[in-house]
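Any read-out appearing in this document is the output of simple, stated calculations on the displayed coordinates, not a laboratory observation. Note that this is a predicted model, so its numbers are computed, not measured. Note that we place each Cβ from the backbone using ideal geometry, even for glycine, and neighbour counts take in every protein chain shown.
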Amino acid sequence: MQLEFFGAAGEVTGSCHILRVGNHQVLFDCGLIQGSRKQEQRNYRAFPFDPKSIDAVVLSHAHIDHSGRLPLLVKRGYSGPIHAQNATTDLARILLQDSASLNQRDAENENRRRARKGLAAIDPLYTVDDANAALRLLKGYRYGEPIEIVSGVTVCFRDAGHIMGSAIVEIFLSDGSVQRKIVFGGDLGQYDAPILNDPTTINDADLVLMESTYGGRSHRDRALTEAEIGEVIADAAAHAGNILIPAFAVGRSQEVLYMLGKHFEEWDLARWRVFLDSPLAIEASKIYWDHPHLYDDEATKLRRRIDEMPKLENLHLTPSVAESQVINRVRNGALIIAGSGMCNGGRILHHLKHNAWRPECHVIIVGYQAKGSLGRRLVDGNRFVKIHGETIRIAATVHTVGGLSAHGDQGDLARWYGGIENKPPVFLVHGEPSAADAFKEKLQSEFQSEVSLTKPGLTVDLKTLSPISSLIRKG
């Protein structure tokens with residue numbers, strides 16, 4: 001009975017962990033590694049395990065850093081079920097197909113460059129056919145529904161409040177006379193965030209895996225964050241500029257739309273043209289609206305009153321490339337929500353290229369920016385960046401508003417852990433080392449808990465609840 005860490009151990013992206021019970025192996029998440037080009041090249045490496053040896057996969061939620069290598073896993077031999085919450089299966093379909101399309105397009109562009117240099121062509125990481133093969137293996141379940149996925153392993157999804165369908169996974173293990181309850185927290189959302197419910201409180205556990213993305217910081221108060229965004233909109237209107245919001249297609253885009261609808265009159269948004277310039281976010285928004293039973297009380301009341309989410313009468317959906325290109329002709333009065341959320345690709349790059357050098361424009365960063373990403377360079381204040389091979393001077397004002405993050409901050413994470421009555425040992429994943437170190441200190445000082453930081457290859461004996469690898473740093 002063992003748990004081994006492979007991805008998002010000592011870093012933020014690429015979530016991937018293996019559980020071994022008896023003769024069975026279960027994979028929890030299989031996410032894409034994101035960040036710089038060098039970091040993303042690691043996705044092409046062989047898995048540190050044989051995909052054919054995995055009996056089942058459990059997916060905590062649809063974000064690509066948790067799901068994005070599932071098509072690759074199937075391409076390399078996995079053929080078992082992929083278990084997830086119902087809304088996650090819906091979102092994964094659009095996210096994985098989109099990821100596959102991007103991989104194919106990137107390979108085609110690279111191969112044109114290689115052909116001009118007389119170099120051999122490369123294959124994409126995976127194709128749309130590979131993504132569809134993985135999607136055929138998806139099996140969806142309700143929150144609170146126990147599922148025996150292999151002999152000796154039963155899981156139950158609980159609402160994590162991160163994005164639609166995100167799950168805390170309760171894992172019940174039985175191996176001979178040994179019984180264990182392991183909790184995989186996945187990505188935990190903020191308390192009192194709009195649309196989604198708060199993370200579900202778990203009563204007890206023998207061991208907990210927790211994210212630590214924002215383990216070293218506190219988000220700005222949401223009301224102050226929304227007030228700041230209102231001020232940015234007013235300033236951009238006064239100076240005849242545009243506003244760019246790089247946003248993840250799932251979760252952040254829907255929350256931004258909800259916020260704009262909520263403050264439509266207060267922020268005088270009727271004078272703006274609001275563009276949701278992301279085919280993926282448009283499709284994801286439809287899925288969000290189709291799962292009202294997963295809304296929190298505030299969103300439920302609003303939907304009952306107006307039969308949909310808050311209205312944006314001037315919202316323009318631009319799914320086609322031609323519609324997106326027209327936006328770049330708009331010199332002022334455009335509020336553009338576009339992917340990708342870390343500015344590593346997608347339509348936001350074109351909008352940055354046309355607007356980021358203009359001092360009257362604004363860029364609002366509303367989500368986590370991984371090291372090496374263009375978004376991180378903007379947050380760090382780089383005055384010159386390269387977009388599509390061209391050096392662009394950043395003259396627009398860049399605002400970072402962490403209060404809208406889908407990830408809980410240190411206080412949220414500690415609050416969730418504090419709800420577990422017996423305060424079990426914790427293994428921290430999905431965080432940069434500095435954030436994980438800070439959250440470890442928080443849990444130790446507040447709860448006197450046993451907290452360990454993870455590295456790839458760390459293995460935990462779940463019978464003794466102790467590590468059997470020298471790679472661990474334990475507190």
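Computed about the Cα centre, the dipole magnitude for segment 222-404 is approximately 680 debye when only Lys and Arg (+1) and Asp and Glu (-1) carry charge, each at its Cβ.
Highest mean first, how do 166-177, 323-334 rank when packing is the count of other Cβ atoms within 10 Å averaged over residues?
Going by the mean number of other Cβ atoms within 10 Å, highest first, we get 166-177, 323-334.
Just to be sure I understand: if I project the alpha-carbon convex hull of segment 222-404 onto a plane and average over all orientations, what area do I get in nm²? Quarter of the Cα hull surface area: 10.0 nm².
Counting only other residues whose beta carbon sits under 13 Å from that of residue 66, what net charge do I get with K and R as +1, D and E as -1? Mind dumping the intermediate values first?
Details: positive: 69; negative: 29, 65, 187, 211.
Every neighbour counted, the sum reads -3.
With neighbours defined as other Cβ atoms within 10 Å of a residue's Cβ, the residues 157, 6, 427 order from fewest to most as 6, 427, 157. If Lys and Arg each add +1 and Asp and Glu each add -1, what is the summed charge of the other residues whose beta carbon sits under 12 Å from the beta carbon of residue 11? For residues surrounding residue 11, the net value is 0.
Once the chain from residue 203 to residue 313 is taken as fully extended at 0.36 nm per residue, the excess over their C-alpha distance is 35.2 nm.
Distances between every pair of Cα atoms in the chain, grouped in 10 Å steps from 0 to the bin holding the largest one, split as 4, 20, 31, 26, 14, 4, 0, 0 percent. Dividing the convex hull volume of the alpha-carbon atoms in segment 1-146 by its residue count gives 111 Å³ per residue. Here the chain is treated with +1 on each Lys and Arg Cβ and -1 on each Asp and Glu Cβ, and its dipole about the Cα centre works out to around 1860 debye. Summary of the geometry: segment 200-276 and segment 347-425, compared by the centres of their Cα atoms, lie 11 Å apart. Taking every lysine pair in segment 222-404 that is 8 or more places apart or spans two chains, those with Cα atoms closer than 18 Å amount to 6.
Among 267, 357, which comes first, then next, by fewest other beta-carbon atoms within 10 Å? Working shown, then result.
Values: 267 21, 357 14.
Ranking 267, 357 by Cβ neighbours within 10 Å, fewest first, gives 357, 267.
Between helix 86-116 and the chain there is an angle of about 70 degrees, using the helix long axis and the longest principal axis of the Cα atoms. The long axis of helix 279-289 is offset from the longest Cα principal axis of the chain by roughly 70 degrees. To the nearest ten degrees, helix 252-262 and the longest principal axis of the Cα atoms of the chain are 50 degrees apart. Sorted fewest first by neighbouring Cβ atoms within 10 angstrom, 442, 423, 286 come out as 286, 423, 442.
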